[in-house]
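Data first, discussion second: the structure below is written as structure tokens.
The values are calculated or read from the model by the stated rules, or taken from the named source; none is laboratory data. Since the model is a prediction, treat every value here as computed from it, not as a measurement. Reconstructed Cβ throughout: ideal geometry from the backbone, glycine too, with neighbour counts over all protein chains shown.
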Amino acid sequence: MTTAPTPLLRSMLRLALSAFAAVVMICSGTAAQSRPADSGLASLASGLSSSEDSTPSQPGSLAADPGPMPEPSSDWVHGWLRVVDETRKRQPHYASPLITTHVLLVQQFRYDIYGQEGSAASWAYNFGAGKGLEIIPNSRIEVQVAVPPYIAHRSSATPDGFGDVSMFIKFRAFSATEGQGAYFVGLFLGASFPSGALPNGTGHTTWSPMLAAAKGWGHFDIQSTLSGNIPQGGTAVLGRSIVFNNTFQYNVKTRIWPEIEVNSTFFVDGPRSGNSEAFLTPGVIFGRFHVGGR
């Protein structure tokens, strides 16, 4: 629904921003009280090394030869996958929301399909929806390269075609897994490039800087993102906007995640300047399910 700004709407925005700031402050406070995972591992390694060095040698006593110990695979693929596993151990394990950007570093391939009703009961179907391959190259970064979405229209007046190609980068500032604070704070950056023809593409490069935070309490978690859509050109048509998304999830039996999302957009420039829209998105997510060696 699209509305003109009202005092109530402005109050709701201030309340939502205050809630987002509270989540970030809680995460920051928890991080300050928690011991960093990296330094914890270093301390453990140092302790083990000191223990081994301080063990007195016992000449004359023969220990049973245990035989050669198997060594972990040293090729770059297995080394990289070990980095991915260690990264996932240093953050919570929340389900990916339906609309809101997943506020975690993940390695996966995601492909979404959805339909949207437009004016005069005309439908458009989006195959891909800006999702794609997500890779964790190191313990702090995730890189996503999206498959260009294909948009099919039920109306003969609008041509079908591919949308713009996009990329997304996530930076994990600090985080902790369940039992150690269950929080995540990061800085994300998205970008779309004009590879698709109008009207399915925008015709301009658009940047989307984002602040992301998540916090869990037992079975309940909140994932929040605050971002801006800033086109490099065509502002008079595309406009600029502020996007504020919040997801509230509850975990049931490990693999069932009922959720409700509040997805809000505030238009700053362009033909809809001064307006805003908000959507409530209920859903249930099932997963994750172990289907392979990993």
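Hey, among ILE285, ILE242, ILE230, ILE256, which residue is among the β-branched types (Val, Ile, Thr), free of Cβ contacts under 8 Å to residues at least 60 places away in the same chain and touching a Leu at 6+ places or on another chain (Cβ under 8 Å)?
Working: ILE285 fails: free of Cβ contacts under 8 Å to residues at least 60 places away in the same chain; ILE230 fails: touching a Leu at 6+ places or on another chain (Cβ under 8 Å); ILE256 fails: touching a Leu at 6+ places or on another chain (Cβ under 8 Å).
Of the residues listed, the single one that is among the β-branched types (Val, Ile, Thr), free of Cβ contacts under 8 Å to residues at least 60 places away in the same chain and touching a Leu at 6+ places or on another chain (Cβ under 8 Å) is ILE242.
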(request) Go over the candidates GLY196, GLY270 one by one and state the one that is surrounded by 15 or more Cβ atoms within 10 Å (Cβ to Cβ), outside any strand (DSSP E or B), touching a residue at least 40 places away in the same chain (Cβ under 8 Å) and not β-branched (Val, Ile, Thr). (result) GLY196
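So which of THR177, THR202 is polar (S, T, N, Q), in contact with a His (Cβ under 8 Å, 6 or more places away or on another chain) and surrounded by 15 or more Cβ atoms within 10 Å (Cβ to Cβ)?
THR177
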(request) Return the only residue of ILE141, ILE135 being closer than 23 Å to PHE289 by Cβ and either of a type in the set (A, V, I, L, M) or touching a strand residue (DSSP E or B) at 6+ places or on another chain (Cβ under 7 Å) (or both). (result) ILE135
(request) Report, by residue number, each residue of segment 206-234 that is surrounded by 15 or more Cβ atoms within 10 Å (Cβ to Cβ) and outside any strand (DSSP E or B). (result) GLY234
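Given the criteria exposed (fewer than 13 other Cβ atoms within 10 Å of the Cβ) and at pLDDT 95 or above, does VAL262 qualify?
Numbers: exposed (fewer than 13 other Cβ atoms within 10 Å of the Cβ): no; at pLDDT 95 or above: yes.
Answer is no for this residue.
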(message) Conditions first: (1) in contact with a Phe, Trp or Tyr (Cβ under 7 Å, 6 or more places away or on another chain); (2) crowded, with 16+ Cβ neighbours inside 10 Å; (3) farther than 25 Å from THR254 by Cα; (4) not acidic (Asp, Glu). VAL103 passes all but one, so which condition is the exception?
(response) (3)
(request) Kindly indicate which of ILE169, ILE136 is within 23 Å of VAL77 (Cβ to Cβ) and buried (at least 21 other Cβ atoms within 10 Å of the Cβ). (result) ILE136
